[in-house]
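S.K.: Encoded as structure tokens, here's the structure I'll be asking about.
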Amino acid sequence: MAQPFLPEPLPAGATRIVVGTWRGIEPNMRCTRSIEQLGEAYFMVSRCPDIPGVDGTQGLPLRKVSDRIFKNKAGASYEIQDNGMLYMRADGRIDMRGTPQKELWPQ
């Protein structure tokens, strides 16, 4: 069984539906984050060109709260704003903001 706050390996070749892909701007990062659906499950998937192993093969499990809000097992929420921005909220504050990246994998 996976540990609650660690990414889980995702099945190779599994069909994924991408809810959205974002690049973090606060803090500034070269990595992207995508919310992806595999079957009935949702995952936050990271891709970082500078970090070995952070290549979209693992995902942090999410629970879908609504079409625009997802929560991880630690209770942080990922909220898609009206303008397409992604906010990650934890402990009552915004810890990350991301800009939508429609041109990035996979679309």
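S.K.: Output the number of the condition that L60 fails; it satisfies all remaining conditions of (1) aliphatic (A, V, I, L, M); (2) under 17 Å from E103 (Cβ atoms); (3) surrounded by 15 or more Cβ atoms within 10 Å (Cβ to Cβ).
M.R.: (2)
S.K.: Can you list residue pairs whose Cβ atoms sit under 6 Å apart, with the first residue in segment 47-62 being more than 21 Å from S77 (Cβ to Cβ) and the second being among the small types (G, A, S) and surrounded by 15 or more Cβ atoms within 10 Å (Cβ to Cβ)? Count only pairs 6 or more apart in sequence or on different chains.
M.R.: Pairs found: R47/G56; V54/S46.
S.K.: What strands (runs of 3 or more DSSP E) lie completely within segment 38-107 and have 1 or more residues being within 16 Å of F5 (Cβ to Cβ) and out of contact with any Leu (no Cβ under 9 Å at 6 or more places or on another chain)? Give the steps one after another, and end with the answer.
M.R.: Values: elements: 41-47, 58-66, 69-72, 77-80, 86-90, 93-100.
In segment 38-107, 58-66, 77-80, 86-90, 93-100 are the strands (runs of 3 or more DSSP E) which contain 1 or more residues that are within 16 Å of F5 (Cβ to Cβ) and out of contact with any Leu (no Cβ under 9 Å at 6 or more places or on another chain).
Bear in mind that the values in this text are calculations on the coordinates, not laboratory data. This structure is a prediction, so every number in the text was calculated from the model and none was measured. A quick note on method: Cβ atoms are made from the backbone with ideal geometry, for glycine too, and the neighbour counts reach across all protein chains shown.
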